[in-house]
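First up is the structure itself, then whatever we jot down about it.
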Amino acid sequence: MENKNIEGKKFEKVEVKENKLKKTIEPSGAFVGASWVALFSGIIAYLIGLWNATMLLNEKGYYFTVLMFGLFSAVSLQKTVRDKEEGIPITNIYYGISWLSLMTSIGLLSIGLWNAGLTKSEKGFYAMAFILSIFSSIVVQKNIRDTNSK
């Protein structure tokens with residue numbers, strides 16, 4: 001497509017596509033450290049609670065598996081959401097499975113605690129340690145990606 005400017009010179013009209021990748025700011029060392037401390041605190045507290053619990057081994061295995069499933073699905077969902085935001089192609093099925101997996105892990109923990117013969121304070125302890133672990137795993141993964149994206 002040819003156009004003429006004011007001085008009569010010919011030029012071509014060129015479309016410039018905007019880069020969809022957003023510039024990320026590297027997180028501070030204090031933030032990275034705090035997120036790792038939160039992650040390990042949540043996981044270790046949850047595991048110490050399981051170790052000291054008087055429940056059967058199969059119940060401990062259930063709660064341990066729910067924690068591991070929750071951590072994996074939260075990191076997977078965070079990566080998927082960020083890839084989608086940055087224009088990196090992802091399939092809708094994986095995006096949906098990531099959401100379903102995280103919701104399932106939270107649901108399994110909720111159902112397990114609701115039906116458990118634990119005191120309310122123990123149930124609250126497991127729920128809070130689980131949520132701390134899930135949230136901090138998302139932050140740690142984001143920090144790692146922000147640091148490695150340079």
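Among all residues of region 128-137, there is none that is without any contact (Cβ under 8 Å) to a residue 40 or more places away in the chain and of a type outside the set (A, V, I, L, M).
Across region 111-127, the qualifying residues are those that are in a helix (DSSP H, G or I) and without any contact (Cβ under 8 Å) to a residue 12 or more places away in the chain, and the one among them that is surrounded by the most Cβ atoms within 10 Å (Cβ to Cβ) is LYS123. Please specify each residue of region 14-31 satisfying the condition of being touching an Asp or Glu at 6+ places or on another chain (Cβ under 9 Å) and at pLDDT 55 or above. Selection gives LYS22, THR24, ILE25, GLU26, PRO27.
Within region 45-98, restricting attention to residues that are assigned to a helix (DSSP H, G or I) and of a type in the set (Asp, Glu), the residue that is modelled with the highest pLDDT is GLU59.
The values are calculated or read from the model by the stated rules, or taken from the named source; none is laboratory data. These numbers come from a predicted model, not from an experiment. Glycine also receives a Cβ, built like all others from the backbone with ideal geometry; neighbour counts cover every protein chain displayed.
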